[in-house]
Amino acid sequence: MLRDWQLATVAAIRDETPSVRTIAFSLPQWTGHLAGQHVDVRLTTDDGYQAERSYSIASPSGRTALIEITVERIADGEVSPFLTAQLALGDTIELRGPLGGYFTWRPDNPAPLMLIAGGSGIVPLMSMLRTRTKAANRPPARLLYSSRQFEEIIYRSELDRLVTTNDGFSLNTALTRGAPANWSGETRRVDGDMLAKYTFPAAQAPHNFVCGPTSFVETVADRLVALGHQENAIKTERFGPTGEKR
Amino acid sequence: MIEDARASDGNAVAGPLGRFFAFDITRMMVICAKCASESPLGALRLYGDQMGIVLRCVHCGEVNLRALEVKGVLSLDARGATRLILHSTVDPL
């Protein structure tokens, strides 16, 4: 694990939704990462003021030449407006990582993989799905993804493609602020009934990863415990409204 | 569970606090001094900012760990935890 700041060069930029952008960085000293890990990004202004934020890695695990982060623009944020609007190809920024060993998943883990995302909480879970897709033996996996609106679903086309591969992955999406006319998914916030319907039963001993805003994660984790899951089979990552994470 | 939408969690201190340690601290198990529950540091509730870090028990809200960094010197107050349990398994990658 590299604990010092290193210079990352922007190698590619891709818009995911009107307010979410994926940035690929080239890192000469990158030692590889696990799915679920994050990096810290540090910006320094001309007068020396520094701001640090954590962003989950979106790309699959391993010793890759590039890593990707996916960033949601927070209107009054200090870092995300810069990353999503001003940072350009070839620019360099300071980055530290990979970081965190708790909220991680390894592809040799045979337990059913249950992923539950709220909004941009999908990012580290997408790294897990992409890592799974590259693996020789893929455990069954399900994603329950809550978004405000259809247009805000991050990685929508890639997720739809993953479903069609029929490799044991299934996707259920909930929209909380209105849905298109032909929408066949859920149209309310994730609750206990929805979790009972779409998650692996506790008897199958799945590993559950929950990521999203604090209130979302608290609700989901509580309901999973109520459904009989062991607490150590529920891994959580939360971000507050002012945390500007991801 | 403690309800407070402002908090994030211990995952976020892997960088700022973790740089003082030779192992990944987010997997360190923390035993709460008040309710005796056992949680990975990464799952604790995080308050504070880059200078001062407060990590609270998810179950009872007790302050398990306080960390203050001034000019590269870390001061760690762990009186809210009766035990810290570490695993010697290799760090990820």
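Using a 1.4 angstrom probe on protein heavy atoms only, the contact between B and A buries about 2400 square angstrom of accessible area, both sides summed. On the protein assembly as shown, 51 percent of the accessible area sits on carbon and sulfur atoms, based on a 1.4 Å probe. Over the range A:56-192, the reciprocal of the mean inverse Cα-Cα separation, the Kirkwood hydrodynamic radius, stands at 16.6 Å.
Projected onto its three principal axes, the C-alpha set of the protein assembly as shown covers 57, 50, 39 Å, listed from the longest axis down. Taking the protein assembly as shown as the region of interest, the number of lysine pairs whose Cα atoms are within less than 24 Å, with members eight or more places apart or on different chains, is 4.
Helical content of chain A, expressed as a calculated mean residue ellipticity at 222 nm, amounts to -5000 deg cm²/dmol (DSSP H runs of 4 or more residues, -39,500 (n - 2.57) each, divided by residue number, nearest 500). Note that the range A:31-190 presents 42 Å² accessible area per residue, ligands and nucleic acids not counted, probe 1.4 Å.
In this structure the amide hydrogen of B:SER8, modeled in the peptide plane, comes within under 5 Å of the amide hydrogens of A:GLY240, B:LEU46, none closer than 5 places in sequence on its chain.
The values are calculated or read from the model by the stated rules, or taken from the named source; none is laboratory data. Everything quoted here is computed from the prediction, not taken from an experiment. Note: areas computed on protein heavy atoms with side chains; ligands, DNA, RNA excluded. Shrake-Rupley method; radii C 1.70, N 1.55, O 1.52, S 1.80 Å.
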